[in-house]
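Heads up: the structure comes next, in structure tokens.
The values are calculated or read from the model by the stated rules, or taken from the named source; none is laboratory data. Keep in mind it's a predicted model, so treat the numbers as computed, not measured. Quick reminder, even Gly has a Cβ in these numbers, built from the backbone with ideal geometry, and neighbours come from all protein chains shown. The accessibility values were calculated without ligands, DNA or RNA, using every heavy atom of the protein model including side chains. Shrake-Rupley method; radii C 1.70, N 1.55, O 1.52, S 1.80 Å.
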Amino acid sequence: MPIYLYIDRRSAIHRLHPTVKVFALFVMFWSVYWVDHPLALLPLGVLMVALAQATGSWPNFYRLRWLFILLIFFTTLAWMVFYRRGPALIDLPIIHLSRASLVFGFGRGLKLAELLATSVLFLSTTKVEEFTAGLQRMGVPYRVGFAITLAFRLAPLFIDSALTVVQAQSLRGYDFDRGGPIARARRYVPVVIPVFMGALRKANNMAMALEARGFGIRAAPTSYIDFPLRPRDRLAFAIVAGIGVLYFAIYYFGYGAIAVS
Amino acid sequence: MHELRLMWRNTRMVVLCAISAALYAAVLVPFKVVPLIPGVTELRPANAIPIVCSFLFGPAAAWGSAIGNMIGDFFGGVGPGDIFGFVANLMYGYIPYKTWRIIADGQSPVMRTPANIAKYVAVCLAASVLCADLVGWGDNLLAFRPFSILGNIIIFNNMVSALVLSPLILYGVYPRVRAGRMLYTDMMPELAERPRATRIAGLTMLLAGEIGAWAMGNLVSTGYWMPSFLPASFAISPYDKAIAVTVSPLIFIALAGAWLM
């Protein structure tokens with residue numbers, strides 16, 4: 001699985017201010033949280049599909065298609081075991097299949113799938129530096145934002161290093177596929193150690209380079225990257241906030257819940 | 001717990017935090033496609049990394065574990081439950097080195113004496129149970145998934161990695177890092193511990209709180225047992241209100257204990 005899902009397009013969503021995108025992410029969590037019924041969740045699903053089309057994010061959705069399907073299927077199944085309410089259609093010692101448990105379970109699955117879709121859309125349209133800029137605008141300290149950016153940047157480098165070590169060891173005849181799952185996992189330990197030590201060698205130099213450039217002298221350092229707030233960002237902010245208010249209203253007025261007879 | 005705040009002033013610790021997070025994410029993301037229970041959790045050999053990093057980098061590893069897990073979550077769907085996942089992973093990286101300093105201060109975690117092995121298992125179990133409690137409690141509070149699923153799978157998943165993989169990596173890496181004077185005790189010599197009696201009281205509270213939360217979470221979320229003082233309306237699936245009333249105080253006791261350590 002690639003560590004970057006960002007797709008470089010010039011869509012209106014791509015060009016939104018990072019703070020608006022991070023805010024949209026939180027509003028989606030908020031909106032999904034308040035409603036249980038699949039029908040109430042459906043409009044958000046339709047919105048996701050429209051946004052996926054507008055942002056050209058389908059390749060990422062296609063890549064994760066099995067995750068979406070399994071997420072909905074197994075969440076529905078899990079709640080058939082634990083949500084033992086409503087008149088039973090099938091009542092076995094473990095599974096309690098009722099209309100209520102089906103609707104509740106499917107609703108939970110849909111919720112989780114919509115949350116996954118939100119994160120895929122967010123990562124498809126937002127660069128790492130935009131994400132941290134958005135977090136900093138929302139009050140996350142600069143050093144924390146820096147650590148997040150650096151971790152995002154270093155992870156693919158470590159994966160590449162690990163693959164190089166795997167190839168080198170395989171050329172020498174080391175068999176990574178021998179034994180059961182635990183034995184195979186243990187055979188990867190000699191790969192982790194050189195990657196670990198290589199990372200630590202970088203750490204000292206990186207810290208010195210950062211301090212030489214004055215890292216941490218100011219609480220709010222200057223940046224080459226500037227994200228001006230435009231009228232379209234304000235409009236998007238208002239629309240997103242409206243969605244959040246609408247979904248809370250749906251909950252508040254008693255819609256979106258599952259009726260159990 | 002003050003070192004979790006103080007470490008952000010130290011540039012080397014910030015870099016080590018990013019490296020811990022990147023190493024965690026680098027192993028976590030490729031295994032996102034190998035689910036143990038689809039939609040619930042996946043195979044996580046990466047859970048060996050926070051344990052190893054905790055013994056090496058202390059507070060930097062705690063933040064690294066939280067950030068690394070957040071990066072991983074972006075590829076499996078972020079949601080409101082991930083706030084609990086962030087805190088749970090922070091604790092998963094924080095508890096091992098703190099507990100080790102109380103029960104085996106000055107001893108190397110790679111010494112293979114029976115007493116040391118027993119202490120190592122106890123430390124990993126304490127970290128795994130608190131991590132599982134926090135995620136299970138949070139997800140059940142939000143009524144996403146029952147406590148009894150996540151609260152047990154996470155302990156199993158964490159312990160397999162911590163017992164099968166972490167000792168091997170630690171054995172290869174710890175002596176080298178110590179020789180290179182890159183342990184957290186070398187990086188932050190200014191760290192002062194609380195009096196030993198306070199730390200032991202903290203550890204006792206941590207263990208009582210987390211074991212109590214685990215037992216209560218399992219009993220309540222399966223509907224097997226319910227305290228008699230709870231109103232009947234709380235005793236219905238998905239038991240989110242019952243979990244809020246019964247498990248939350250125990251979680252706060254465990255967190256208060258961690259704070260005193």
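Assorted remarks:
- If R0 is 30 Å, the Cβ-Cβ spacing of B:GLU193 and B:ARG112 corresponds to a FRET efficiency of close to 0.70.
- Spatial separation of Cα centroids for the range A:72-106 and the range A:123-186, in angstrom: 38
- For B:LYS119, a cut-off of 26 angstrom between C-alpha atoms picks up these lysines, skipping any fewer than 8 places away in its own chain: B:LYS98.
- In sequence order, calculated HN-Hα J values of the range A:138-148 (Karplus, 6.51, -1.76, 1.60; Hz; x Gly/Pro): 8, x, 6, x, 4, 5, 5, x, 4, 4, 5
- Taking a Cβ cut-off of under 13 Å around A:ALA54, the surrounding Lys, Arg, Asp and Glu residues balance to a net charge of +3, with basic ones at +1 and acidic ones at -1.
- Residues of the range A:227-245 falling in the label zone of A:ARG15, defined by backbone nitrogen less than 17 Å from a point 7 Å along Cα to beta-carbon, are A:227-237.
- Calculated P(r) of chain A - Cα pairs past 23 Å, %: 66
- Since only A:VAL144, A:PRO190, A:GLY180 are under comparison, the one whose Cα sits farthest along the positive direction of the charge dipole of chain A, derived from C-beta charges on Lys, Arg, Asp and Glu, is A:PRO190.
- About its Cα centre, the range A:185-261 has a charge dipole of approximately 360 debye under the convention of +1 per Lys or Arg Cβ and -1 per Asp or Glu Cβ, with nothing else charged.
- Computed from the Cβ-Cβ distance with R0 of 51 Å, the FRET efficiency linking B:ALA215 to B:THR185 stands at 0.90.
- Sorting B:102-110, A:143-151 by their mean Cβ neighbour count within 10 Å, with the most densely packed peptide first, gives A:143-151, B:102-110.
- Pair B:ILE200, A:LEU39: separation of 7 Å Cα→Cβ label points (nm): 6.3
- Highest mobility in the GNM of chain B, judged by mean-square fluctuation with C-alpha springs under 10 Å and restricted to B:PHE229, B:PHE57, B:PHE31, is found for B:PHE229.
- Electrostatic bookkeeping for A:HIS14 treats Lys and Arg as +1 and Asp and Glu as -1; over the other residues with beta carbon under 15 Å from its beta carbon, the sum is +3.
- Packing rank of B:7-19, B:44-56, B:62-74, where each peptide gets the mean count of other beta carbons within 10 Å, highest leading: B:44-56, B:62-74, B:7-19
- With the helix formula -39500 (n - 2.57) applied to DSSP H stretches of n ≥ 4, chain B reaches a computed 222 nm mean residue ellipticity of -22500 deg cm²/dmol.
- Positive-end residue, chain B charge dipole about Cα centroid, Cβ charges, pick of B:ASN157, B:ALA132, B:ALA201: B:ALA201
- Ordered from highest to lowest accessible area with the whole protein assembly present and a 1.4 Å probe, B:ARG112, A:ARG186 read as B:ARG112, A:ARG186.
- Shielding of peptide B:6-17 by partners, expressed as the average count of other chain Cβ atoms within 10 Å per residue Cβ, is 6.
- Two-site FRET efficiency, A:SER170 against A:TYR4, from Cβ-Cβ distance with R₀ of 22 Å, rounded to 0.05: 0.25
- Distant-in-sequence amide H partners of A:HIS96 (H built 1.01 Å from N, under 5 Å): A:VAL81
- Dipole magnitude of the protein assembly as shown, debye to nearest 20 (Cβ charges: Lys/Arg +1, Asp/Glu -1, about Cα centre): 860
- Accessible area buried by the pairing of A and B, both sides summed with a 1.4 Å probe, works out to roughly 5300 Å².
- Average other protein chain Cβ within 10 Å of Cβ, residues A:122-131: 1
- Average beta-carbon neighbours from other chains, 10 Å sphere, peptide A:63-69: 3
- Applying the Karplus relation 6.51 cos²θ - 1.76 cosθ + 1.60 with θ = phi - 60° to the range B:124-135 yields 3J(HN,Hα) values of 5, 5, 4, 5, 5, 5, 5, 4, 5, 4, 5, 5 Hz, where x marks Gly and Pro.
- Each of A:TYR33, B:GLY217, A:PHE158 was placed along the dipole of the protein assembly as shown (beta-carbon charges, centred on the mean Cα), and the one lying farthest toward the positive end is A:PHE158.
- Probe 1.4 Å - accessible area at B:ARG5, Å² to nearest ten: 150
- Sorted peptide list for B:162-168, A:88-94, B:88-94, criterion being average Cβ within 10 angstrom, highest first: B:88-94, B:162-168, A:88-94
- This model, with +1 at the C-beta of Lys and Arg and -1 at the C-beta of Asp and Glu, gives the range B:3-193 a dipole about its Cα centre of some 440 debye.
- Rh (Kirkwood; distinct C-alpha pairs) - chain B, Å: 18.5
- Full-stretch length increase - A:ILE182, A:TRP58 - with 0.36 nm per residue and alpha-carbon distance subtracted: 41.1 nm
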